[in-house]
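Here is the structure we will look at, set down as structure tokens.
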Amino acid sequence: MRGRYHRKPIRSTGLKYNFSTLKSRPFSQLDFVIHEDLYSNHNPLLHHSMQREVAMFPHLKNFNLRQWIEENRHDWGQRRVIWEDSDFIAFVTRGPNSRKDFHINPGDEIFHQLEGELNLHYVSSEHKHEVAVIKAGELFLLPGNVPHSPRRGEGSWTLVVERKRRPEEQDLFVWFCEKCGNKLYETTMRFDDPTDAVRTATDKIHSDVKLRTCNQCGDVLAA
């Protein structure tokens, strides 16, 4: 997926955003199809037992998010979930990461950039590869069923809020060839635990070079 990015102005959709620009580019030699059901509620269904992280904070009690981060900054790991037993999954995640997958979430997702910068790659309904550059202090609403890949450098901290999945819902993870855009591999996963879901989804393709090798152009996706 090479080529020049071009900037275009962001358009309001009724919510007040603060981020400045979107960078976008069409896929050259578009060899894959984003099926209509990725933009609907008809994703594969599978019931799975609920797995929850230990509750970080109780309900009906406010806390200082900034203080919590500062007190745990040097022992944070990749992400920490804030509440348990809520209709929402709320967590703080940090960079750097090396994600190449595109995640397809059945519900909306809210990103609040706390520090640094987030490059949120996504595939639009027009089958274009877009990149939303979200800076510290800015908010971004990602609609459900939009393939997206949050990529963070060192010093990037993001608060993410999304709804818990219904018992029959699964998330989809997809990898594309970075040279020609051909779909390499996809897998479905329950998303009760964000850290475990992302790690489990990526383990197989990282360990199998055949899954990372494009059958159209022969390019190999870096692990």
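Under 15 Å from the Cβ of ASN64, count the other residues' Cβ atoms, weight Lys and Arg +1, Asp and Glu -1, and hand me the total. With Lys, Arg at +1 and Asp, Glu at -1, the net is +2.
Full extension of the chain between ARG66 and THR213 yields a length gain of 48.7 nm, computed as 0.36 nm times the residue separation minus the alpha carbon distance. Tell me, what is the Rg over Rh of the stretch 150-223, with Rh the Kirkwood radius over Cα pairs? Checking Rg against Rh, the ratio lands at 1.02.
Converting phi to 3J(HN,Hα) with the Karplus coefficients 6.51, -1.76 and 1.60 and the offset θ = phi - 60°, the stretch 176-183 yields 10, 5, 7, 8, 10, x, 5, 6 Hz in sequence order, with x at every glycine or proline.
Highest average first, the peptides 68-75, 94-101, 145-152 ordered by how many other beta carbon atoms sit within 10 Å of their residues are 145-152, 94-101, 68-75. Residue pairs exceeding 27 angstrom between C-alpha atoms, taken from LYS164/LYS204; LYS179/LYS210; LYS135/LYS210: LYS135/LYS210.
No value in this document is a laboratory result; all are computed from the given coordinates. From a predicted model like this one, the values you see are computed outputs, not experimental measurements. Neighbour counts are summed over all protein chains in view; Cβ atoms, including those assigned to glycine, are modelled from backbone coordinates with ideal geometry.
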